[in-house]
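Student: Can you read through this structure? Questions will come right after.
The values are calculated or read from the model by the stated rules, or taken from the named source; none is laboratory data. Predicted, not measured: the structure shown is a model, and the values here were computed from it. No Cβ is skipped: glycine too gets one built from the backbone with ideal geometry, and neighbour counts run over all protein chains shown. Surface accessibility is based on the protein's heavy atoms, side chains included, excluding ligands, DNA and RNA. Shrake-Rupley method; radii C 1.70, N 1.55, O 1.52, S 1.80 Å.
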Amino acid sequence: MPFKRISTLSRLGAGAAALLAPAFAFAQDAAAPAVAAAAPAMTVDKGDTTWMLISTILVLLMIVPGLALFYGGLVRTKNMLSVLMQVMMIAAVAMIVWVTYGYSLAFTDGGSMNSFVGGFSKMFLAGVDTTTLSESFTKGSAIPELVFVCFQMTFAAITPALIVGAFAERIKFSAVILFTILWLTFVYFPIAHMVWFWGGPSAYDGPTGLIFGFGAIDFAGGTVVHINAGIAGLVGAIMVGKRTGFGKDMMAPHSMTLTMVGAALLWVGWFGFNAGSNLESNAYAALAMINTFVATAAAIVGWALVENFTRGKASMLGAASGAVAGLVVITPAAGFVGPMGAIIMGLIVSPVCYFFVSTVKNKFGYDDTADVFGVHGVGGIIGALLTGVFVNPALGGAGIVDYSTADFAASYAGTATQVWAQLKGVLVTVAWSGIGSIILYKIVDLVVGLRVPVEAEREGLDLATHGEAAYHS
């Protein structure tokens, strides 16, 4: 049978229906008398399918080589290859886990557990083939379900890869792989389900995930990806412990050139991440695209201004960090806010993230190597909350679907109501990821151990773990 609306609607959340209200005429059709004409059979939209294929490849570009080079440049020379290897292997493992059971846990009805996680009805991609479709918002239009599976697979691949930047240069390779499998299973898949699963044509006509049921909106993964990974990274940095010599030895990034190249590739790939999350090639994909441009630009400028004011000099590391912070903050809001709102969000996020990476981290003394928490965790939280503000039509936003009525007319319940829904989603994500990660790190430590020996750390993980070096002089 054709793939249900579950996947595509849950990807965009409640606000997307407001953006595409005309396309929701099918909901009114469903309420029409039984004598009404039958809905036309769905057909594959080749334009939407092409856009989603391209978007999926763009998200892969974010992971390898984008994220790998971004993190690789931030560590010392002796650990360059270890970071590249960790990012690539995490992506590969995540893809296998995703098609085995992850897609099913994230995007099927979980029965009595549905508020928190899906079921196993599509385990091993059962029932998913070249004939099954995922509905688009345009009536009668669809994309192949396999395209949606691949697109979501890249999200599952990049999220645990983000985490490794927090404890780079001292983690066991076996620990990284085991933690990835456990964390995807018990943290990522449930959060993805809670945020994006919508099992019926309306919020009151089918099962929904917990956070979606709050009325929280997340266009492309502010909670699922960035807060989720940022909290897990903070917990990991604390539980794995500081690098040997931290605070005493020189631990400056070995190649800001590679970090800049990685940041640039992340920015390019992020258009697939954000604009692709619209799941259709239309004006709202364009809205997500322009917001991804201008929020990032504003955050780069904002970080440079803060550095110039506090340090007297703007740095390349700051510009790269600002770019990522801007990309993170706009992720949950990309298709919901207007370009001016996106610029303001970018200008807000940089000073806050800068404060966390330059002051809070030093104050509490945790060793977050690549500032995963300070940029992704904090930026994701700011983005989720500000989405509730700038979605307001009075501020150029697109509004929210009013589920208190029988139709899908766009409306806006008010800033306080939406921000409260966003906050509840943030709190659930922080608690689920934080508590779950603590338990899983402990299990991994008991099974294989988290840290490499001090001798291996001093030698460098490239040689000690992988028997090769990034550079030969």
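Student: Mind ordering 352-360, 190-198 by average Cβ neighbours within 10 Å, highest first?
Tutor: Details: 352-360: 18.4, 190-198: 28.1.
Per-residue Cβ counts within 10 Å, averaged per peptide and sorted highest first, yield 190-198, 352-360.
Student: Which whole-angstrom value gives the distance between the alpha carbon centres of the stretch 229-243 and the stretch 439-473?
Tutor: 15 Å
Student: Dividing the Cα radius of gyration by the Kirkwood radius, what Rg/Rh value follows for the stretch 154-251?
Tutor: 1.11
Student: Moving on to the next point. Over the stretch 149-286, what is the mean sequence separation of C-alpha contacts under 8 Å (at least six apart), divided by residue count, expressed as relative contact order in percent? Intermediate results must be reported in sequence, preceding the final value.
Tutor: Details: 85 pairs, mean separation 35.7, N = 138.
RCO, the stretch 149-286: 26 percent.
Student: Can you list residues whose amide H is under 5 Å from R451's amide H, if they're 5+ apart or on another chain and H is modeled 1.01 Å from N?
Tutor: K172
Student: Which order, highest average first, do 445-456, 174-185, 319-330 follow once you tally other Cβ atoms within 10 Å for each residue and take the mean per peptide? Can you show the working numbers first?
Tutor: Details: 445-456: 14.6, 174-185: 21.2, 319-330: 29.7.
Ranked from most to least packed, the peptides come out as 319-330, 174-185, 445-456.
Student: Treat each spin label as a single point 7 Å out from the Cα along the C-beta direction, and report the E468 to T257 distance in nm.
Tutor: With each label point 7 Å from Cα toward Cβ, the separation is 2.1 nm.
Student: Determine the per residue accessible area of the stretch 235-345 with all protein chains present and a 1.4 angstrom probe, expressed in square angstrom.
Tutor: Values: 4110 Å² over 111 residues.
So the stretch 235-345 comes to 37 Å² accessible per residue, rounded to a whole number.
Student: So for the stretch 418-465, Kirkwood radius off the Cα pairs, Stokes-Einstein at 4 °C and 1.567 mPa s: how many µm² s⁻¹? Don't jump to the answer; show the numbers that get you there.
Tutor: On the way: Rh = 13.5 Å.
So the translational diffusion coefficient is about 96 µm²/s.
Student: Could I ask something else about it? Relative contact order of the stretch 302-389, please, whole-number percent, based on alpha carbon pairs below 8 angstrom and at least 6 residues apart. Spell out each step's value before the answer.
Tutor: On the way: 91 pairs, mean separation 32.6, N = 88.
Relative contact order, the stretch 302-389: 37 percent.
Student: Which percent, nearest 5, of DSSP beta bridges in the chain are antiparallel?
Tutor: On the way: 7 of 10 bridges.
The antiparallel fraction comes to roughly 70 percent.
Student: What list of ³J(HN,Hα) values in whole Hz, one per residue of the stretch 118-124 in order, does the Karplus curve 6.51 cos²θ - 1.76 cosθ + 1.60 (θ = phi - 60°) give from phi, with Gly and Pro shown as x?
Tutor: Rounded to whole hertz, the list is x, x, 10, 5, 10, 4, 6.
Student: Can you list residues from other chains, or at least 5 along the same chain, whose modelled amide H is less than 5 Å from the amide H of L133?
Tutor: Here F3, E145 satisfy the definition.
Student: Leaving ligands, DNA and RNA out of it, report the carbon-plus-sulfur percent of the accessible area of the chain at a 1.4 Å probe. Each step should come with its number before you reach the end.
Tutor: On the way: 12230 of 17410 Å².
On the chain, the fraction of accessible area on carbon and sulfur atoms equals 70 percent.
Student: Give me the aspartates and glutamates in straight-line cross-link reach of K363: C-alpha distance below 20 Å, same-chain residues under 8 apart excluded.
Tutor: D249, E307, D371
Student: Note the angle between two axes, namely the Cα long axis of helix 145-163 and the longest principal axis of the Cα atoms of the chain, as a number of degrees from 0 to 90, rounded to the nearest 10.
Tutor: Between the helix axis and the principal axis of the chain, the angle is about 30 degrees.
Student: Here is a follow-up. Give me the accessible area per residue for the stretch 65-157, probe 1.4 Å, as a whole number in Å². Mind showing how you got there, number by number?
Tutor: Details: 3050 Å² over 93 residues.
Using a 1.4 Å probe on heavy atoms only, each residue of the stretch 65-157 averages 33 Å².
Student: Then there's this: Taking the radius of gyration and the Kirkwood hydrodynamic radius from Cα positions alone, what is the Rg/Rh ratio for the stretch 159-199, to two decimal places? Don't jump to the answer; show the numbers that get you there.
Tutor: On the way: Rg = 12.5 Å, Rh = 11.4 Å.
Answer for the stretch 159-199: 1.10.
Student: Measuring from label point to label point, each 7 Å out along Cα→Cβ, what is the T77 to A283 span in nm?
Tutor: 5.6 nm
Student: What angle do you read, to the nearest 10 degrees and between 0 and 90, between the alpha-carbon axis of helix 173-183 and the longest principal axis of the chain?
Tutor: Once rounded, the angle reads 20 degrees.
Student: How fast does the chain diffuse by Stokes-Einstein, in µm²/s, taking the Kirkwood radius from C-alpha pairs at 4 °C and 1.567 mPa s?
Tutor: Details: Rh = 22.2 Å.
This corresponds to a translational diffusion coefficient of 58 µm²/s.
Student: Could you run the Karplus curve 6.51 cos²θ - 1.76 cosθ + 1.60 with θ = phi - 60° over the stretch 273-287 and give me ³J(HN,Hα) per residue in whole Hz, x for Gly and Pro?
Tutor: Coupling constants for the stretch 273-287: 4, 8, 5, x, 5, 6, 6, 9, 8, 8, 5, 7, 5, 5, 4 Hz.
Student: Could you order peptides 264-271, 70-77, 465-472 by the average number of other Cβ atoms within 10 Å of their residues, highest first?
Tutor: Values: 264-271: 21.2, 70-77: 24.6, 465-472: 12.8.
Most protected by this proxy first, the peptides run 70-77, 264-271, 465-472.
Student: Go through the stretch 262-268 residue by residue and turn each phi into a ³J(HN,Hα) via Karplus (6.51, -1.76, 1.60, θ = phi - 60°); whole Hz please, and just put x for glycine and proline.
Tutor: Calculated HN-Hα couplings, in order: x, 4, 5, 5, 4, 4, 4 Hz.
Student: Using 0.36 nm times the number of residues separating T359 and M340, minus their current alpha carbon distance, what extension gain do you get?
Tutor: Working: separation 19, 0.36 × 19 = 6.84 nm, distance 2.93 nm.
That pair, T359 and M340, stretches by 3.9 nm at full extension.
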